[in-house]
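Worksheet for the structure shown next.
The values are calculated or read from the model by the stated rules, or taken from the named source; none is laboratory data. Given the structure is predicted, the values throughout are model-derived calculations rather than measurements. FYI the Cβ positions are ideal-geometry reconstructions off the backbone, even for glycines, and counts take in every protein chain you see.
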Amino acid sequence: MTKIAIIGGGISGLSLAHALSYRSEASFDPMTVHVFEKKERWGGNIVTEYFDGCTLDAGPDSWVARKSSVLELIRSIGLEDELIEVEPSARRVYRVGDSPRLQPMPEGFMLGIPASWSALWQTPLFSWKGKLRIACEPFVPSKSWERQGDESIGDFFMRRFGEEMTYRMAAPLLGGIFAGDIFKISLRATFPQLIEAEMHAGSLVKAIRAERKRLRSHPLSKGHGPFLSLKRGMGSLVERLVSSLEKGGVHFHLSAPIERIERCASSSGPPFRVYRAGDSPFLADRVVLAIPTHAAASLLREIYPECAQELDTIPYTSVATVFLAYPKDRIAHPLDAAGVLIPRESGRKVLAATWISSKWAHRAPPSTALLRIFFGGSGREEIVSAEDRVLVQLAREEVKYQLSIDGEPSWVRVFRFLKTSLQPPLAHLKHMEILKKEIESEGPIHLLGGSVVSMPDCISQAFELAYRLTAQLSRSIS
């Protein structure tokens with residue numbers, strides 16, 4: 001009986017446990033799966049709370065529909081009836097400016113790339129000089145990409161579209177997604193499809209138009225908008241997943257921080273001892289670290305000191321979210337969008353804002369406007385450690401600036417996520433591939449966290465690792 005220890009109960013660890021339990025049914029080698037989580041809850045960055053008739057997704061509140069791994073997982077645990085998409089009236093965003101303070105971002109763009117020329121010509125966001133530079137994109141020579149070549153998101157957009165597109169569209173939109181500086185974040189680790197588009201189509205505008213047509217006919221996303229969520233929040237995915245896994249025989253250990261991992265001296269038994277705080281060591285045949293790389297480094301320091309040192313250098317950033325609830329009749333603005341993007345050069349202390357009650361149906365009572373304000377991100381982490389009252393005051397000042405709201409909110413909630421947002425530097429995927437191979441070459445220990453950023457990619461990597469593990473175990477007994 002193979003004993004697998006998964007350290008980390010976020011979506012990566014839970015997805016791996018799900019895939020292993022599914023694949024073990026067809027495996028000749030029976031296995032037991034144990035998931036260890038240091039916190040008192042499952043889900044990692046997925047945090048959903050319910051308060052005063054509202055659903056609060058403090059972490060991710062949706063995923064990109066074209067990435068099918070989440071839909072596959074949801075269907076496998078019977079949650080498909082819970083799927084929702086962004087309200088049609090909120091399928092646009094604003095951008096903070098000077099006059100007017102809220103400027104609508106142009107529609108008809110995907111990932112900041114124009115899917116129609118009319119959308120480009122009609123938007124006031126760019127000057128005519130900027131529009132002409134963007135329109136020249138199909139004629140920009142393609143870069144000669146090596147197999148694992150890389151470029152920052154910012155440099156890529158500068159090269160393809162010019163300065164105005166990069167700073168006015170790509171930086172607030174894509175930088176906001178990762179709470180980071182697009183001139184420091186790896187394109188290959190975040191948007192590899194843009195590299196493929198340049199390589200094969202020669203033009204991102206041409207590729208985006210083709211992608212738009214493909215999405216309309218894709219069987220997994222047909223009938224859905226570009227972003228999907230769940231009626232009761234993202235936490236319902238974690239809740240259903242854990243319930244399904246418990247019924248399937250997966251062993252769960254909450255409030256079980258792992259202090260260290262040791263090699264066993266004997267060659268006849270399991271190769272690792274996993275030490276839990278205040279508990280006896282757990283003997284494991286395989287160990288999977290489904291945690292951020294800095295957390296993995298602390299556990300690998302004794303057995304793989306050089307790899308641990310490398311893992312410790314991978315950058316993460318911290319963010320905070322503040323929820324504000326107001327009576328709708330006190331807000332003159334129609335709140336007819338998903339939220340507001342805030343460019344770094346604006347000098348404002350806020351990263352972005354989401355109008356939850358407009359973006360998703362039934363996330364708040366009809367009379368309540370539920371707003372979510374983001375703080376922190378790369379280069380601005382210090383604000384995350386401020387007291388709650390400071391963050392709330394800054395959030396109130398921001399919504400007053402954006403929406404002219406005065407007076408006290410009905411209630412507030414503050415959440416923090418410390419060193420959880422990966423900031424993949426250039427050549428990150430290549431670096432991680434080398435580190436993973438080095439670690440696995442020394443013994444049956446696997447690194448799952450730290451390579452990818454989005455929830456769908458975390459799930460995809462978990463599924464891939466489950467396939468690889470079960471294949472290895474099957475070969476070992478054949």
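Need pairs with beta-carbon distance below 7 Å; first residue modelled with pLDDT of 60 or more and within the stretch 211-237, second of a type in the set (Ser, Thr, Tyr) and in a helix (DSSP H, G or I); sequence gap 6+ or separate chains. Every condition considered, the pairs that remain are LEU230/SER236. Restricting the search to the stretch 283-308, which residues are among the basic types (Lys, Arg) and either crowded, with 20+ Cβ neighbours inside 10 Å or not assigned by the TED database to the domain that holds ALA462 (or both)? The one that is among the basic types (Lys, Arg) and either crowded, with 20+ Cβ neighbours inside 10 Å or not assigned by the TED database to the domain that holds ALA462 (or both): ARG286. Before we move on, is SER186 crowded, with 17+ Cβ neighbours inside 10 Å, more than 30 Å from MET432 (Cα to Cα), at pLDDT 95 or above and among the hydroxyl-bearing types (Ser, Thr, Tyr)? For SER186, the condition - crowded, with 17+ Cβ neighbours inside 10 Å, more than 30 Å from MET432 (Cα to Cα), at pLDDT 95 or above and among the hydroxyl-bearing types (Ser, Thr, Tyr) - is not met.
Residue count for the stretch 138-154, restricted to those that are within 14 Å of LEU194 (Cα to Cα), crowded, with 16+ Cβ neighbours inside 10 Å and not polar (S, T, N, Q): 4.
Looking at GLU164, is it touching a residue at least 24 places away in the same chain (Cβ under 8 Å), in a helix (DSSP H, G or I) and closer than 30 Å to GLY450 by Cβ? Answer is no for this residue.
Being basic (Lys, Arg), at negative phi and surrounded by 20 or more Cβ atoms within 10 Å (Cβ to Cβ), is that true of even one residue in the stretch 160-168? Yes: one or more hits. All of (1) within 30 Å of PHE51 (Cα to Cα); (2) in a loop (DSSP other than H, G, I, E, B); (3) not basic (Lys, Arg) hold for ILE459 with one exception: (2).
Restricting attention to the stretch 69-83 and to residues that are under 17 Å from SER15 (Cβ atoms) and of a type in the set (A, V, I, L, M), the residue that is surrounded by the most Cβ atoms within 10 Å (Cβ to Cβ) turns out to be VAL70. The strands (runs of 3 or more DSSP E) found wholly in the stretch 257-328 and carrying at least 3 residues that are aliphatic (A, V, I, L, M) occupy 286-289, 316-327. Mind checking whether some residue in the stretch 149-160 is at pLDDT below 90 and more than 24 Å from ALA369 (Cα to Cα)? Yes: the stretch 149-160 contains one or more residues that are at pLDDT below 90 and more than 24 Å from ALA369 (Cα to Cα). Within 19 Å of LEU299 (Cα to Cα), assigned by the TED database to the domain that holds PRO270 and not hydroxyl-bearing (Ser, Thr, Tyr), is that true of GLU442? Yes. Residue under question is PRO106, and the condition is that it be touching a Ser or Thr at 6+ places or on another chain (Cβ under 8 Å) and either in a loop (DSSP other than H, G, I, E, B) or not charged (D, E, K, R) (or both); does it hold? Yes: the conditions hold for PRO106. Report yes if some residue within the stretch 187-196 is outside any helix (DSSP H, G or I), out of contact with any strand residue (DSSP E or B) (no Cβ under 7 Å at 6 or more places or on another chain), free of Cβ contacts under 8 Å to residues at least 40 places away in the same chain and not β-branched (Val, Ile, Thr); otherwise report no. Looking for residues that are outside any helix (DSSP H, G or I), out of contact with any strand residue (DSSP E or B) (no Cβ under 7 Å at 6 or more places or on another chain), free of Cβ contacts under 8 Å to residues at least 40 places away in the same chain and not β-branched (Val, Ile, Thr), one finds none in the stretch 187-196, hence no.
Condition check ((1) modelled with pLDDT of 95 or more; (2) touching a strand residue (DSSP E or B) at 6+ places or on another chain (Cβ under 9 Å); (3) closer than 22 Å to LYS359 by Cα) across all residues:
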{"position": "ASP29", "(1), (2), (3)": "no, yes, no"}
{"position": "GLU37", "(1), (2), (3)": "yes, yes, no"}
{"position": "GLU40", "(1), (2), (3)": "yes, no, no"}
{"position": "THR48", "(1), (2), (3)": "yes, yes, yes"}
{"position": "ARG66", "(1), (2), (3)": "no, no, yes"}
{"position": "LEU73", "(1), (2), (3)": "yes, no, no"}
{"position": "PRO88", "(1), (2), (3)": "no, no, yes"}
{"position": "VAL93", "(1), (2), (3)": "no, yes, yes"}
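Restricting VAL86, VAL70, VAL96 to residues that are hydrophobic (A, V, I, L, M, F, W, C), over 22 Å from the mean Cα position of the chain (by Cα) and not assigned by the TED database to the domain that holds LEU283 narrows the list to VAL96.
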